[in-house]
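Enquirer: Mind having a look at this structure? Questions to follow.
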């Protein structure tokens with residue numbers, strides 16, 4: 001998940017990448033943003049991609065810093081949302097060292113810290129902390145490892161999409177898969193993607209000087225997990241974690 005990956009994905013982003021804004025049916029993320037927003041504040045959209053959250057952020061804040069690793073993503077965002085004059089677009093790698101970001105009152109980061117590189121994830125979290133003013137808020141959304149495990153258990157118990165998930169792994173491949181699962185790296189469309197435990201997030205954010213204010217499950221339809229979900233399959237639904245934290 002480096003810059004090259006996101007540059008390649010950019011032209012087909014809407015077809016390739018899961019749309020959190022559209023699938024957050026209870027609008028919990030939007031609600032969290034609204035509670036913190038102010039027309040006197042600056043917000044950082046960290047990993048803004050093609051800018052889907054700009055229609056939510058721009059009217060609610062004085063200024064929006066839309067930051068992304070991909071120049072193509074930013075170009076698409078500028079084209080699609082050129083009506084918002086308070087947005088500054090900035091190509092930067094949030095997992096890179098010595099990046100230059102203005103101090104912001106709020107940071108929003110929606111499913112952007114996904115890399116299986118521990119070093120890059122650590123740097124990303126540090127940069128989120130360093131770009132926020134004291135007392136600033138972070139709204140963070142990440143894939144839930146608990147949800148991924150629950151989905152696999154349900155899939156196996158009721159043999160859902162059985163043919164799709166049948167795999168014959170070699171010894172080396174099986175060992176690699178096992179080690180990755182231990183670290184919370186689950187495959188999404190054949191790309192290893194970091195998933196997080198709730199308690200893991202609490203530790204990570206505390207280490208970077210954040211106080212946790214709230215956590216919620218952003219629930220999705222089972223159709224986001226299975227090609228043929230059974231009609232009877234309901235609650236509990238798969239979810240991402242949303243964390244609201246405040247910098248000390």
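Coordinate-derived values only; no laboratory data. What you see is a predicted model; the values in this text were computed from it and never measured. Counting neighbours? That spans all protein chains shown, and the Cβs are built from the backbone with ideal geometry, glycine included.
Enquirer: Rounded, prolate or oblate: which one fits the range 115-215, using the alpha carbon gyration tensor with axes a ≥ b ≥ c (rounded when a/c is under 1.5, else prolate when a/b beats b/c, else oblate)?
Expert: The shape class here is prolate.
Enquirer: Summing -39500 (n - 2.57) over the DSSP H runs of n ≥ 4 in the chain and dividing by its residue number, what mean residue ellipticity at 222 nm do you reach, to the nearest 500 deg cm²/dmol?
Expert: -10000 deg cm²/dmol, from helical runs alone.
Enquirer: Can you tell me the alpha carbon radius of gyration of the range 3-247 divided by the globular rule-of-thumb value 2.2 N^0.38 Å?
Expert: Working: Rg = 18.3 Å, N = 245, 2.2 N^0.38 = 17.8 Å.
Relative to the rule-of-thumb radius for its length, the range 3-247 sits at 1.03.
Enquirer: Under 1.5 on a/c is rounded, so check that first for the range 175-248, then, if it is not, pick prolate when a/b is larger than b/c and oblate when it is not; a ≥ b ≥ c are the square roots of the alpha carbon gyration tensor eigenvalues.
Expert: Judged from the Cα gyration tensor, the range 175-248 comes out oblate (a/c at least 1.5, b/c at or above a/b).
Enquirer: Of 72, 162, 216, which is the most mobile in a GNM of the chain whose springs link Cα atoms less than 10 angstrom apart?
Expert: Evaluated over the chain, the most mobile residue of the options is 162.
Enquirer: I've got another one for you. Can you give me the relative contact order of the range 24-63 as a percent, contacts being Cα pairs under 8 Å and 6 or more apart?
Expert: Relative contact order of the range 24-63: 54 percent.
Enquirer: Counting other beta carbons within 10 Å of each residue's own, what order do 224, 151 fall into, fewest first?
Expert: Ascending number of Cβ neighbours within 10 Å: 224, 151.
Enquirer: Normalised by the residues of the range 3-247, what does the relative contact order come to in percent, with Cα pairs under 8 Å and at least six apart?
Expert: 19
Enquirer: Largest first and in whole Å, what are the equivalent-ellipsoid semi-axes of the range 48-99 based on the Cα gyration tensor, each being the root of 5 times an eigenvalue? Intermediate results must be reported in sequence, preceding the final value.
Expert: Numbers: eigenvalues 72, 32, 13 Å².
Values for the range 48-99, descending: 19, 13, 8 Å.
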